[in-house]
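The values are calculated or read from the model by the stated rules, or taken from the named source; none is laboratory data. As the structure is a prediction and not an experimental result, all values here were calculated from the model. When we count neighbours, we look across all protein chains shown, and the Cβ atoms used for this are built from the backbone with ideal geometry, even at glycine. Just the protein is used for accessible areas: all its heavy atoms, side chains included, with ligands, DNA and RNA removed. Shrake-Rupley method; radii C 1.70, N 1.55, O 1.52, S 1.80 Å.
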Amino acid sequence: RQAEEALALVRLSGYGKRKPSQLSGGQRQRVALARALVNKPRILLLDEPLGALDLKLREQMQEELKELQRSLGITFVFVTHDQGEALSMADRIAIFNHGKLVQTGTPTDIYHHPRNLFVADFVGSSNILPASLALKLSGRESPASLRPEAIRIVGEGGHPATVLGESFLGATRRLTVDMDGTRLNILLPNQAAAPPVGAEISIGWDDASLHPLEEG
């Protein structure tokens, strides 16, 4: 009875008599989860549980795991090297570097306020500005993080930059520019007209988007 209840939790009611060879990759992952849940743990450790799945199935399992955690009300400790997976699933994130805890916080805090160079570079995509350029832009002599989606092309009053390249990414376009000797990536909506390579443009961002970083 408990086994059937555990299978029902992971949407595998009636699958109890199937052989492993008769299950898909996603179903096998659900079975592994049911085996852990049948013991009614207070904390469940999930170590890279979705790493072997293809993208579509991995996204489906992410949503199912979130729903399951909410319905059970127990703590899930989810280990992953996939930053997008961590940001989309977690209530709180802990980032380790060489075995040391370097930052904890909500996904929003971690993404918009990385503590140091490692976190800014590891979580998502970020432009890392050297201390000399950050001093010129903000008056603070420390490296700074500037997310690509925070940068926009402006008509006047911005910072001059030269377009180096452009890539179509589906939902967005990535524009690579040179600003004062530093390469920056800019994310634009895919409908936006991208300036040609070699074009001189003016770029800008909100002051709060330029986030100072600690070394390390």
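Just one residue in the set 8, 3, 52 is modelled with pLDDT under 85 and among the small types (Gly, Ala, Ser); that residue is 52. Of all residues in region 21-51, those satisfying the criterion of being part of a helix (DSSP H, G or I), in contact (Cβ under 8 Å) with a residue 24 or more places away in the chain and small (Gly, Ala, Ser) are 25, 26, 34. Restricting region 52-84 to residues that are more than 15 Å from the chain's Cα centre (by Cα) and in a loop (DSSP other than H, G, I, E, B), the residue that is surrounded by the most Cβ atoms within 10 Å (Cβ to Cβ) is 53.
If you go through region 66-104 and keep only what is at pLDDT below 90, among the hydrophobic types (A, V, I, L, M, F, W, C) and out of contact with any helix residue (DSSP H, G or I) (no Cβ under 7 Å at 6 or more places or on another chain), you end up with just 72. Considering only residues in region 11-20 that are in a loop (DSSP other than H, G, I, E, B) and either of a type in the set (Ser, Thr, Tyr) or at pLDDT below 90 (or both), the one that is least open to solvent (accessible area, probe 1.4 Å) turns out to be 12. Reported count of residues in region 125-172, each being outside any strand (DSSP E or B), closer than 27 Å to residue 110 by Cα and open to solvent by 70 Å² or more (accessible area, probe 1.4 Å), is 8. Filtering region 135-189 to residues that are among the β-branched types (Val, Ile, Thr) and either under 19 Å from the mean Cα position of the chain (by Cα) or closer than 18 Å to residue 208 by Cβ (or both) leaves 151, 154, 172, 186. Within region 85-119, being over 25 Å from residue 59 (Cβ atoms) and open to solvent by less than 50 Å² (accessible area, probe 1.4 Å) holds for 97, 102, 103, 116, 117.
A quick yes/no check of all residues on (1) more than 23 Å from residue 187 (Cα to Cα); (2) among the small types (Gly, Ala, Ser); (3) in contact with a strand residue (DSSP E or B) (Cβ under 6 Å, 6 or more places away or on another chain):
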{"position": "62", "(1), (2), (3)": "yes, no, no"}
{"position": "80", "(1), (2), (3)": "yes, no, no"}
{"position": "102", "(1), (2), (3)": "yes, no, yes"}
{"position": "109", "(1), (2), (3)": "no, no, no"}
{"position": "130", "(1), (2), (3)": "no, no, no"}
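Annotation: of all residues in region 173-187 being outside any loop (DSSP other than H, G, I, E, B), within 19 Å of residue 133 (Cα to Cα) and charged (D, E, K, R), the one that is least open to solvent (accessible area, probe 1.4 Å) is 178.
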